[in-house]
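Computed from the coordinates by the stated procedures, all read-outs in this text should not be read as laboratory data. Since we're looking at a predicted model, the values are computed, not measured. Glycine gets a Cβ as well: all are built from the backbone with ideal geometry, and neighbour counts include every protein chain shown.
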Amino acid sequence: MLSVRELVTAYGKIEALRGVSLEVTQGSITCLLGPNGAGKTTLMMTIAGILKPRSGSIRFSENEIAALPAHAIVARGIALVPENRLVFPSMTVLENLHAGAYQRKNGFDDDIERAFTRFPRLKERAAQLAGTLSGGEQQMLAVARALMSRPKLLLMDEPSLGLAPLVVEEIFTIIAELHRDGVTIFLVEQNAHMALKVAHRFYLMEQGRVTFSGDPGSLAEDEVIRRAYLGSSKS
């Protein structure tokens, strides 16, 4: 579904992505691991069209999208749940959901009801300002807002960041449910233990490059990755 080839994205003279290549298969959950500053968020923002690559290719459903603006990429079927949620704090929950459907002229009432069915707490707070929600509720709103565009591919950047363990469990339950509903997911996540429960393929990024790719079994067998991300080593 998504193919990234030799992608280079820079901030001025500093290259944050240095020849990144990876693939996301339709119907899968693919997880990207890596330390802070590795370039993970830059990759997500480049795929979403918020940042423009210096070189390389991004193909989605066989079509090149690297040169497209962000709104055109959303229209193609890619939505981003950004790091730190980034809901619109001075808008209500309902207004945030409407913002997620900004490219659709009408006919999204069913999607709002679907969002409220999936996230009952958002229905209870539909008229509440998003900035007054808890961190977990804001994350749910960010996911629901992204789903309003009916994406084929959902990009999720650190969905568990800063959340309590019980809320993290709830977020990963939602990720599994979305996958069962047919949404392909590309996930950036530091919580490797939780990611191992849902992801089908893993990539590791370090210093702007992909340094590992494999299935959950090969991830768990890699001694360096086990020590860095799973907090254990084989005895």
Problem set entry | Surrounding net charge for residue 3, when Lys and Arg each add one and Asp and Glu each subtract one, Cβ distance under 15 Å | +1
Problem set entry | Residue order, fewest to most surrounding Cβ atoms within 10 angstrom, among 211, 117 | 117, 211
Exercise. Sorted by average packing, counted as other Cβ atoms within 10 angstrom per residue and highest first, what order do 198-208, 88-98 take?
Worked result: 198-208, 88-98
Seminar exercise, completed: Only helices counted: for the chain, with every DSSP H run of 4 or more residues adding -39500 (n - 2.57) and the sum spread over all residues, [θ] at 222 nm is -9500 deg cm²/dmol
Exercise. What share of the DSSP beta bridges in region 2-230 is antiparallel, in percent to the nearest 5?
Worked result: 55
